[in-house]
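Scroll down for the structure; my scribbles are underneath it.
The values are calculated or read from the model by the stated rules, or taken from the named source; none is laboratory data. It should be emphasised that the depicted structure is a prediction, and the values quoted were computed from it without experimental measurement. Cβ placement follows ideal geometry from the backbone for every residue including glycine, while neighbour counts extend to all protein chains displayed. Accessible surface areas use protein heavy atoms only, side chains included; no ligands, DNA or RNA. Shrake-Rupley method; radii C 1.70, N 1.55, O 1.52, S 1.80 Å.
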Amino acid sequence: MKEKIKQLAREKNAIILAHNYQPPEIQDVADLCGDSLELSIKASKTNADVIVFCGVHFMAETASILSPEKTILLPDIDAGCPMADMVDPIDLKAKKQALGNIPVVTYVNSSAAVKAVSDICCTSANVIKVVNSMDADEILMTPDKNLAQYAASNTSKKIHLWDGYCPFHNLLSAQDVNKARKDHPKALFIAHPECPPEVLALADTIQSTSGMIRFAGESDLSSFILGTETGLIYPISKAYPDKKFYPASEKMYCKDMKKINLENLADSLKNLTGEIKVPENIRKDALGAVQRMINL
Ligand code: 13P
Ligand code: SF4
């Protein structure tokens, strides 16, 4: 199956991008795995005619925003992000206006329509840099309240929150972390900034998914508790087979991230099904927000 997918990709001049939470067999067949920032940058630079995004809807939309001339495929168009669905452009515009039109920083985990009414995007890897780059004392951040509170604790700016969250990262509790620490007393605890503030307060370091992989590689220590979606255990263990990685909680399992499989990937490549194309009027405005982030 993997050979067939590689062959189809060559025939269509396609590149396969996979998020770090994707199933192992998808990561193994991908040309590039990474976090949201790395994948957006790669999507903006590739010469391929077709980008197959193994991830969720907003990631494929971001590729379409950056590369309107390319065919962007999401092998299961129902793979979405529940957090991205917690904000819509009408409510966002109303809140921005109510706050006196302060700038909006929007997490890439959002629809193209929401990006189109935002001033700049951010990811978990660059959120502090993005917030501190803003020429304003007050900022509205959307949709992730946890990411926004993390940014607020690393800036002198006043951050207004939107009441969105990742249903899986938000599940992790201080109790879960304390239990994992008790079970693995020598392990460092690495948290994703989508976790709640009381969890981040317990973290030895706070990182994006690829940041976690780099951090574990550079550390002299050999065991780590990961406060993120459990799919990360695969690429991080593959990168450092001599180190040990434990999920902070098995509850952190995102079903949407597991909707892509070898069958729907092969089918999408063969028949060019699951195309994602952001309408031009939305794309133009969304591009401004995404490009300003990439340019930083
Ligand atoms: P990163 O890989 O950018 O840290 O994002 C995590 C995530 O939730 C993607 O859905
Ligand atoms: Fe969205 Fe959370 Fe799933 Fe990432 S892990 S796609 S933020 S629901």
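Out of the residues in the range 209-247 that are touching a Ser or Thr at 6+ places or on another chain (Cβ under 8 Å) and hydrophobic (A, V, I, L, M, F, W, C), which is nearest to H169 (Cα to Cα)? Here the residue is L232. The set of residues in the range 41-85 being away from ligand 1 (no atom under 13 Å from the Cβ), among the hydrophobic types (A, V, I, L, M, F, W, C) and within 19 Å of the chain's Cα centre (by Cα) consists of A43, I51, V52, A63, I65, L66, I72, L73, L74, I77. For the range 237-255, the count of residues that are open to solvent by 40 Å² or more (accessible area, probe 1.4 Å), part of a loop (DSSP other than H, G, I, E, B) and under 18 Å from N109 (Cα atoms) is at least one.
One residue stands out among those in the range 161-193 that are within 15 Å of ligand 2 (Cβ to nearest atom) and open to solvent by less than 10 Å² (accessible area, probe 1.4 Å): the one that is farthest from Q149 (Cα to Cα), which is L172. Here I260 clears all of (1) in contact with a strand residue (DSSP E or B) (Cβ under 9 Å, 6 or more places away or on another chain); (2) away from ligand 2 (no atom under 16 Å from the Cβ); (3) outside any strand (DSSP E or B) except the condition numbered (2). Collect the residues in the range 214-235 that are buried (at least 22 other Cβ atoms within 10 Å of the Cβ) and touching a residue at least 40 places away in the same chain (Cβ under 8 Å), keeping them in residue-number order. Selection gives I225, G227, T228, E229, G231, L232, P235. Residues that are in contact (Cβ under 8 Å) with a residue 40 or more places away in the chain and either under 24 Å from P196 (Cα atoms) or in contact with a Cys (Cβ under 6 Å, 6 or more places away or on another chain) (or both) occur at least once in the range 237-246.
Given the criterion surrounded by 19 or more Cβ atoms within 10 Å (Cβ to Cβ), closer than 19 Å to N281 by Cα and either modelled with pLDDT of 95 or more or among the small types (G, A, S) (or both), identify the matching residue among S118, S124.
Working: S124 fails: closer than 19 Å to N281 by Cα.
Answer to the selection: S118.
Pull out all pairs, ordered by first then second residue, where Cβ-Cβ is under 7 Å, the residues are six or more apart or on different chains, the first lies in the range 93-106 and is closer than 17 Å to V130 by Cβ, and the second is open to solvent by 60 Å² or more (accessible area, probe 1.4 Å). Here the result reads I102/E138, each pair linking the range 93-106 to a residue that is open to solvent by 60 Å² or more (accessible area, probe 1.4 Å). Of the residues screened, D204 is not one that is within 16 Å of ligand 2 (Cβ to nearest atom), open to solvent by 40 Å² or more (accessible area, probe 1.4 Å) and of a type outside the set (K, R).
Flag set for H19, criterion: open to solvent by less than 40 Å² (accessible area, probe 1.4 Å), of a type outside the set (V, I, T) and in contact with a helix residue (DSSP H, G or I) (Cβ under 8 Å, 6 or more places away or on another chain). Residues that are of a type in the set (V, I, T) and in contact with a Leu (Cβ under 6 Å, 6 or more places away or on another chain) were ranked within the range 22-68; the one that is surrounded by the most Cβ atoms within 10 Å (Cβ to Cβ) is V52.
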